[in-house]
Amino acid sequence: MNGLHDMGGMDGFGPVEVEAGEPVFHHAWERRVFGLVAASAARRRIGTTDAFRFAIERMEPSHYLRASYYERWLTAMATLLVEHGVLTRDELVGRAGGSFPLSRPAPLLRIPEPPPAATPRFAVGSAVRVRNEHPRGHTRCPRYVRGRRGTVGRVDGVFPLPDVAAHDDRPCAEPAYGVRFPARELWGDAAAANETIHVDLWESYLEPA
Amino acid sequence: MSAPEDDRDHHHPAPMSDVEVRARALEELLREKGLVDEGFIDAVVSAYANDIGPMNGARVVARAWVDAEYKKRLLADATAAIAELGYGGPQGEHMVVVENTPTVHNVVVCTLCSCYPWPVLGLPPRWYKSAAYRSRMVREPRVLLREMGLDLPESVEIRVWDSSAEIRYLVLPERPAGTEGLDAEALASRLTRDAMIGTARP
């Protein structure tokens, strides 16, 4: 989905603020949410990492922007537990004594059928173009490379296609690649000639250039 | 993991924030349903809070600095070479190490979320997860690195690695001049997390 999470190249967020001597967790609740997501039996009821990421992406946009990293984890976890019938929204709201914002429902989707995993279509050095597609569901193809031309720098093996794995429990592995883009291909002639951006992309996202 | 009350009663006398209330509500409900395995959660959280961090990556880098054969293996198959030192696990199953040289500087970002090589660097700092870092590093790396304190000569090529799929990246910085007499342990203690993300030099 073309959501706020797909931030590459956006303007307006200001300077990067670095906290000196930052602790691993800032609050005890962050430790607990990390533990619930990383290691609880409940986590194993709510599907793949891709489904979890999509639940974060489905957060109401202003909530996504306001929320800290672990608040996003909390929201995604609660959303998926409700969607999988482990908890109800009423239980959460009641126990929290007020509101418990969840992510928006997933849209009705047409999930792509990837070709059966086979030998990689591209090799190191292949010229490729990223397909200009805008799926409504989960994808790991950032907007800032869609339609752009790059060169395969690595062939990484075969991994489940997130566009399927986030939504559907069926085999969907296909080759993935490291693709190199000159900064000028992405950002125009004002970009430096000696900068490259390397993005990791599944075969379904690519076509021969 | 400490009992939930500790945080509120002993360290934060202020009322609980909304998000803390929600976190407690979720945890209580899951515990009542028998879906919280306390011992396992405690062990995992404690490992990331105390044992898994940039010191692991520093040992990998320092070893590569003092052992040319190890460095070759690290650049050829980082996951296996890192496993030689005992490091691996979630978010480190498919590692790639990218090497800085006098003419090439590497830096890592995740524009879509906050992917990060947990076994060698631990959990990511807030700035790595921030909208500012995620949006800007792919667009204006030289400017952003300068803002963050790393002023690279215009002649140095910058390679930005957006970890958008399953690969997780570790930067192999250049060994600083004047460290020829130091052993791996001393070298590792000089390395910072940011040098292995690529926003600083050691």
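Being outside the structural domain of A:Ala78 (by TED's automatic domain parsing), surrounded by fewer than 22 Cβ atoms within 10 Å (Cβ to Cβ) and on the phi > 0 side of the Ramachandran plot narrows it down to one of A:Gly153, A:Gly147, so name that one. One residue alone meets the criteria, A:Gly147. Here segment A:38-64 is the region considered, the condition is being farther than 19 Å from A:Asp169 by Cβ, of a type outside the set (Asp, Glu) and modelled with pLDDT of 95 or more, and the residue that is surrounded by the most Cβ atoms within 10 Å (Cβ to Cβ) is A:Met59. Taking the criterion of being in contact with a helix residue (DSSP H, G or I) (Cβ under 6 Å, 6 or more places away or on another chain) and either free of Cβ contacts under 8 Å to residues at least 12 places away in the same chain or not aliphatic (A, V, I, L, M) (or both), the residues of segment A:54-81 that qualify are A:Tyr69, A:Tyr70, A:Glu71, A:Arg72, A:Trp73, A:Thr79.
Scanning segment A:86-139 for residues that are of a type in the set (Lys, Arg), in a loop (DSSP other than H, G, I, E, B) and in contact with a Lys or Arg (Cβ under 8 Å, 6 or more places away or on another chain) yields A:Arg104, A:Arg131. Here segment B:108-146 is the region considered, the condition is being in contact with a Pro (Cβ under 8 Å, 6 or more places away or on another chain) and part of a helix (DSSP H, G or I), and the residue that is surrounded by the most Cβ atoms within 10 Å (Cβ to Cβ) is B:Val120.
Here is a yes/no grid of residues against (1) away from chain B (no Cβ under 11 Å); (2) closer than 27 Å to A:Gly47 by Cβ; (3) among the basic types (Lys, Arg):
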| site | (1), (2), (3) |
| --- | --- |
| A:Arg129 | yes, no, yes |
| A:Glu133 | yes, yes, no |
| A:Tyr144 | no, no, no |
| A:Arg154 | no, no, yes |
| A:Tyr177 | no, yes, no |
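Among residues of segment B:72-87 that are within 14 Å of B:Pro117 (Cβ to Cβ), those with a beta-carbon under 6 Å from a residue that is part of a helix (DSSP H, G or I) and small (Gly, Ala, Ser) at least six positions away or on a different chain give the pairs B:Leu74/B:Ala64; B:Leu74/B:Ala81.
The values are calculated or read from the model by the stated rules, or taken from the named source; none is laboratory data. Quantities reported herein were computed from a predicted structural model and do not represent experimental measurements. Here Cβ is always computed from backbone atoms with ideal geometry, including for glycine, and neighbour counts include all displayed protein chains.
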